[in-house]
Amino acid sequence: MNKRFFLLALVALATLASSAASAAESPKEIVVASGNSSVPNTYISKGTHMGTEPDIWAVIAQKTGLKVDFVTGEFNTLFGYLDSGRAETVGNTITINQKRIEKYNFSEPYAYIPEKLVVQEERTDLKRLKDISGLRCGYSSGSNGGNLFKQIAEKEGIEVELVVFDSSDLLNEAFRQKKVDVMIFAGSEAAFKIKNGFLKARTVEENIAIGEKAYPFRKGDEKSEALRQLVTKTIQEMKADGSLKAIYEKWFGEDYSQPPAGYVSPWQLQ
C-alpha cells in the first residue's frame, strides 16, 4: 500500500514539475513589426498607433496574457525586423504567397479579403483584369502588389509597366498626381480609403484573388513556433466568440474573419 502511494506521489510530482517547466517556458511577450502608414490596418495618428492590427493584438494580449510591443516603420522595413530577430512576427495584414510560405511558418489566417485593382475614378472603362493592358501599375516595395501584377499579366496575356515605390505614401501620392494608373489594395482597405476621402478612385469589378491574411513566424525557432501556436489558438477563439468579427465590423462595416462560401485555400498550413 505504502509502495503504491509512493509511486503515485512520484507520478504526481513529475506531472507538476513538467507543468511548471512548461509554464516557465511558455512565451510571455511578443514584438510585432507593424506599419506606420497603412490606413486603416496599422498607422500612427497624432502619436497613437491605430487600426485593425492594434485592435486584434489588444484582444490577443487580453486572452493570452502576452505583453505585446510594437515596432513600427514603412512596409519595406517590416520583414527586416522579423528576419533579424528584432521582432517575432509582422502585423500588417500580410498576404500569404508562395515566396513567403517557403520562408516562414504562418498562423491561422485571420482575414480573407479580395484583392482589388484600384484605378482613377474617371476610368469607368476598366472593368476586367485584362483591361489594364499597357497601363502604369504601381506598388510599394516589399508588398505583394508586384507579384500580383505579374500574375495578372501572365494569366491574361497582357503587358503592364511596373513602377515600384519606397512607401505606400509615395505610391498614393503618385496615384493622386496620375503618374500611376493602377494600384492593388485589399478590397477592405480600398473601400475604406475611397469612402473616407483618402483616395479619389474606384475599384475594378473583377477580383484578383482572395488574400488570406496571417502572421508570419521564423522557421526553425522554438520561441517563434511556440508563439505561432499560441497566436493560432487565440485567432481560432476570436473567430468562435465573434471578437474578430467585431473588429472588422467596427472598421469596415462587414466581416472578413471567415472565408467566402465555396472558397478553397491553396495553402497547406501547419
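The values are calculated or read from the model by the stated rules, or taken from the named source; none is laboratory data. Every value quoted in this text rests on a predicted model; they were computed, and no experiment measured them. In this analysis, Cβ positions are derived from the backbone assuming ideal geometry, glycine residues included, and neighbour counts consider all displayed protein chains.
Remarks
For (1) of a type in the set (Lys, Arg); (2) over 16 Å from the mean Cα position of the chain (by Cα); (3) on the phi > 0 side of the Ramachandran plot, each residue gets a yes or a no:
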{"site": "Asn76", "(1), (2), (3)": "no, no, no"}
{"site": "Gly85", "(1), (2), (3)": "no, yes, yes"}
{"site": "Ser107", "(1), (2), (3)": "no, no, no"}
{"site": "Leu129", "(1), (2), (3)": "no, yes, no"}
{"site": "Arg136", "(1), (2), (3)": "yes, yes, no"}
{"site": "Ala153", "(1), (2), (3)": "no, yes, no"}
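- Residue list for the range 57-76, restricted to those being in contact (Cβ under 8 Å) with a residue 12 or more places away in the chain and assigned to a helix (DSSP H, G or I): Trp57, Val59, Ile60, Lys63, Thr64, Phe75, Asn76
- When residues in the range 172-195 are screened for being among the polar types (S, T, N, Q), over 16 Å from Ile210 (Cα atoms) and touching a residue at least 24 places away in the same chain (Cβ under 8 Å), 1 of them pass.
- Residues of the range 84-116 that turn out to be assigned to a strand (DSSP E or B) and of a type in the set (Gly, Ala, Ser), as a count: 1
- Number of the exception - Lys233 against (1) touching a strand residue (DSSP E or B) at 6+ places or on another chain (Cβ under 7 Å); (2) more than 21 Å from Gly51 (Cα to Cα): (1)
- Considering residues of the range 218-270 that are polar (S, T, N, Q) and surrounded by 15 or more Cβ atoms within 10 Å (Cβ to Cβ) only, the residue farthest from Ser107 (Cα to Cα): Ser243
- Against the criterion of being among the charged types (D, E, K, R), under 24 Å from Lys219 (Cα atoms) and surrounded by fewer than 17 Cβ atoms within 10 Å (Cβ to Cβ), Lys103 qualifies.
- The one condition in (1) at pLDDT 95 or above; (2) of a type in the set (A, V, I, L, M); (3) closer than 22 Å to Leu244 by Cα that Val39 fails to fulfil: (1)
- Which listed residue is surrounded by fewer than 21 Cβ atoms within 10 Å (Cβ to Cβ) and in a loop (DSSP other than H, G, I, E, B), from Glu154, Glu159, Glu173: Glu159
- Hits in the range 176-224 - residues which are in contact with a strand residue (DSSP E or B) (Cβ under 7 Å, 6 or more places away or on another chain), part of a helix (DSSP H, G or I) and within 19 Å of Asp255 (Cα to Cα): Gly187, Ser188, Ala190, Ile194
- Boolean, Ala87 is out of contact with any His (no Cβ under 7 Å at 6 or more places or on another chain) and in contact (Cβ under 8 Å) with a residue 12 or more places away in the chain: yes
- Just so you know, in the range 24-45 the residues that are polar (S, T, N, Q) and closer than 25 Å to Asn196 by Cβ include one that is farthest from the chain's Cα centre (by Cα), and it is Ser45.
- Residue within the range 97-108 that is of a type in the set (A, V, I, L, M, F, W, C) and touching a Pro at 6+ places or on another chain (Cβ under 7 Å) present: yes
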